[in-house]
Amino acid sequence: MKDSHRENDLEELPDLTVKQLRAVVTLSKSGKFTAAAAELGISQPGLSRLIQQAEELLGVALFIRGTRAVAQTEAGRAFIPAAEKTLDELLQQVRNVRTLDGELRGQIVIASLMSISHHVLPTALAEFRTRYPKMHIRIREGLQSGVLEDVRSGVADFGVGSPPTTQHGIDVRSAVDESCYAILPRSHSLARSSAVTLRDLVSDTFVSMPTDSGLRRLVDAAAAQQGVTLDHCIVINQYQSLFDFVTNGLGVSVVPASALSPSREPALGVCRLRPQIRRRVGILHRAERPLSASSEEFLRIFQPMFVEATERRFGGRP
């Protein structure tokens, strides 16, 4: 009798596809057909068809179409969280099944601060890929706001960045306070100093990250406390370019320990800062979304490398 009831219940389920569910969830997050279609890699008419098919199968409208954006209907607000949870659970089960033969397969998406992806992340990935060559890795480099959004939205399996001030829905592991260092061209008069202050560098051109980066805000806040204003004449959004510019004598900069090579940079002077500038960084993931077996395996390799890199000491004893 129970099986008969179950069969009747299942007959009431609409034959929704994963494509249709993904389309509904993606549109609900972006609020615009153009942005959602771009994220899914399909045309806007193709997205419209998927949304229309889903609404027809459910027998309700999920969205109110506007001239510039869409809004969720009452039915949409009730259905879409369940659709997102279903996709997350299905993805988790697919990942689990792929590990049953003892060999990891699938994909990991990692959101990372650019400083971490400069040295630490490639080193860990090289070892991980040697062990698990059938795994595919996507790295989404960005500033702190982008890393946090990728984790919160579920685009990334996990992120490496600064913990949010309010950690609602975000789990943080291996959080550490990382020191930052001044880097100078070897020809600079202070290049061989064990420590410098920002006041010592106030007459220098700075090669800096954008104004909305967490590091730039930390440096500017420290400068303000010391009563100086820094000349951010050159703004860069890649660490490799930042190091190249400083090496070529175009300015000085401040970078976190993890961005520095474990071997001494022969063309750079690396000096500790007095007083210290420190930032808090850790591994972030959604609290209600357990990490996959492949993510956990990667973190077993990455975590000790990450902690070691953030605890490196340069420029003499701090």
Note to self: Projecting each Cα onto the charge dipole of the chain (Lys/Arg +1, Asp/Glu -1 at the beta carbon, about the Cα centre), which of LEU121, ALA69, ALA222 comes out farthest on the positive side?
What the structure shows: ALA222
Next item on the list: Please report, in debye to the nearest 20, how large the charge dipole of the range 2-82 is about its Cα centre when each Lys and Arg carries +1 at its beta carbon and each Asp and Glu carries -1 there.
Entry: 600
Check: Dipole of the chain (Lys/Arg Cβ +1, Asp/Glu Cβ -1, origin at the Cα centre): which of SER187, LEU91, CYS233 lies farthest to the positive side?
Finding: SER187
Margin query: With an 8 Å Cα cut-off and a minimum separation of 6 or more residues, compute the relative contact order for the chain in percent.
Written below: 20
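Evaluated at 25 °C with a viscosity of 0.890 mPa s, what Stokes-Einstein diffusion coefficient in µm²/s does the range 2-82 have when Rh comes from the Kirkwood expression over alpha-carbon pairs?
Diffusion coefficient, whole number: 184 µm²/s.
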Next item on the list: Please give, to one decimal in nm, the separation of the simple spin-label points placed at THR197 and ARG138, each 7 Å out from Cα toward the Cβ.
Entry: 4.8
Note to self: If I model a spin label at ALA287 and THR123 as a point 7 Å from the Cα along the Cα→Cβ vector, what separation in nanometres do I get?
What the structure shows: 3.3
Next item on the list: Assign one of three labels to the range 177-278, namely rounded, prolate or oblate, based on the Cα gyration tensor with a ≥ b ≥ c the square roots of its eigenvalues; rounded applies when a/c is under 1.5, prolate when it is not and a/b is larger than b/c, and oblate otherwise.
Entry: rounded
Notebook entry, point to check: Label-point separation (nm) for ARG77 and GLN52, each offset 7 Å from Cα along Cα-to-Cβ?
Noted result: 2.7
Next item on the list: Would you please give the FRET efficiency between GLU308 and LYS85, computed as 1/(1 + (r/R0)^6) with r the Cβ-Cβ distance and R0 = 35 Å, to the nearest 0.05?
Entry: 0.40
Next item on the list: Give me the number: length gained by fully extending ASP231 to GLN92, i.e. 0.36 nm times residue separation minus the C-alpha to C-alpha distance, one decimal in nm.
Entry: 45.2 nm
Checklist line | Relative contact order of the range 190-318, pairs being alpha-carbon contacts under 8 Å that are 6 or more residues apart, as % | finding: 34
Checklist line | Pair-distance profile P(r), taking every C-alpha pair of the chain, with 20 angstrom steps and integer % | finding: 27, 46, 23, 4, 0
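A short reminder: the numbers here are calculations on the coordinates, not readings from a lab. Only a predicted model underlies this, so the values are computations on that prediction, with no experimental measurement involved. In this analysis, Cβ positions are derived from the backbone assuming ideal geometry, glycine residues included, and neighbour counts consider all displayed protein chains.
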